[in-house]
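Student: Below is one structure. I have some questions about it.
The values are calculated or read from the model by the stated rules, or taken from the named source; none is laboratory data. Because the structure is a prediction, the values reported are computed rather than measured. Cβ: placed from backbone, ideal geometry, glycine included. Neighbour counts: every protein chain shown. Ligands, DNA and RNA are stripped out before the accessible areas are found, and what is left, the full protein with its side chains, is counted by its heavy atoms. Shrake-Rupley method; radii C 1.70, N 1.55, O 1.52, S 1.80 Å.
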Amino acid sequence: MSGPGVKKVLVTGATGYVGNYLLKAIARHNPAVQCLGMSRRGTVRAGETQTGELENVSFLAADCTKPETFENALADVDAVVHCVGILFVKAGQTHDLMNRDSCINMAAALQKYAAEAQAKRNFVMISSAKAPFFD
């Protein structure tokens, strides 16, 4: 993540287990890179004491299923690590909405800004190939 052109990375699902871990790892290993943790709450993961203390980490309250909540935040982002997804359906959430549509929304918005800037942007999607055996 620390290539010569990467100055700002946005991690979606930053209050989730994987998203929080990646946000913290990217920030620690790349202190010159600004790391933006995006989640619906826009705060550090509950019970997490280390991520919020990193000087190059900030948080954004936005929803990957609602592009109007995050589009402007992607204008100066060099990379997105998308960690949003669900294993179990909850009220108002489906597998398609959370696992597929959220990813498409983020990728499309990042692509829009990349095209406008005529610059490359990086997109990484973290996903489970299938539900665990206990589902």
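Student: So if each residue of separation counts as 0.36 nm, and I subtract the Cα-Cα distance between R28 and R100, what length gain in nm does that give? Can you show the working numbers first?
Tutor: Values: separation 72, 0.36 × 72 = 25.92 nm, distance 2.93 nm.
Difference between extended and current length: 23.0 nm.
Student: Here is a follow-up. Mind giving me the nanometre distance, one decimal, between the label points for E55 and S127, set 7 Å out from Cα along Cα→Cβ?
Tutor: Going by the 7 Å Cα→Cβ label model, 3.8 nm.
Student: Using only the alpha carbon atoms of the stretch 29-75, find the Kirkwood hydrodynamic radius as the inverse mean reciprocal pair distance, in angstroms to one decimal.
Tutor: Value: 11.6 Å, from the Cα pair sum.
Student: Using 0.36 nm per residue of separation minus the Cα-Cα distance, give me the extension gain between E48 and F88 in nm, one decimal.
Tutor: Full-extension gain reported as 12.1 nm.
Student: Using amide H atoms built in the peptide plane, which far-off residues or other-chain residues are under 5 Å from V124 H to H?
Tutor: V80, V81, H82
Student: Given a 1.4 angstrom probe, I'd like the percentage of the accessible area of the chain that is carbon and sulfur, rounded to a whole number.
Tutor: The computed percentage sits at 54.
Student: Moving on to the next point. Compute a Gaussian network model of the chain, connecting alpha carbons closer than 10 Å, and tell me which residue from A61, A27, A119 fluctuates the most.
Tutor: Maximum among the listed residues: A119.
Student: Right, next: When the Kirkwood radius is taken over all Cα pairs of the stretch 48-116, what Stokes-Einstein diffusion coefficient follows at 25 °C and 0.890 mPa s, in µm²/s?
Tutor: For the chosen part, D equals 181 µm²/s.
Student: Between A73, A115, A91, which gets the highest mean-square fluctuation from a Gaussian network model of the chain, Cα cutoff 10 Å?
Tutor: A91
Student: Follow-up question, since we're still on this one. How far is it, in nm, from the label point at A119 to the one at A73 when both lie 7 Å from their Cα along the line to the Cβ?
Tutor: It is 1.9 nm.
Student: Right, another one. Looking at the chain as a GNM with Cα springs under 10 Å, which of A107, A25, A14 has the largest mean-square fluctuation?
Tutor: Most flexible of the set in this elastic network: A25.
Student: Taking the DSSP beta bridges in the chain as the whole, what percent of them are antiparallel, to the nearest 5?
Tutor: Taking every DSSP beta bridge with both residues in the chain, the antiparallel ones total about 5 percent.
Student: Here is a further query. If we count chymotrypsin sites (Phe, Trp or Tyr not before Pro) as exposed when they sit in a DSSP loop and have at most 10 other beta carbons within 10 Å, what is the longest stretch of the chain that avoids them all?
Tutor: 1-87
Student: Can you give me the accessible area per residue for the chain, using a 1.4 Å probe, in Å²?
Tutor: 58 Å²
Student: Turning to a different aspect of this structure: Convert each backbone phi in the stretch 64-79 into a coupling constant with the Karplus relation 6.51 cos²θ - 1.76 cosθ + 1.60 (shift: θ = phi - 60°), then list the ³J(HN,Hα) values in order as whole Hz, x for Gly and Pro.
Tutor: 4, 8, 10, x, 4, 7, 10, 3, 5, 6, 8, 4, 10, 8, 8, 8
Student: Under 19 Å between alpha carbons, and skipping anything fewer than 8 positions from K7 in its own chain: which lysines qualify?
Tutor: Reachable lysines: K24, K112, K120.
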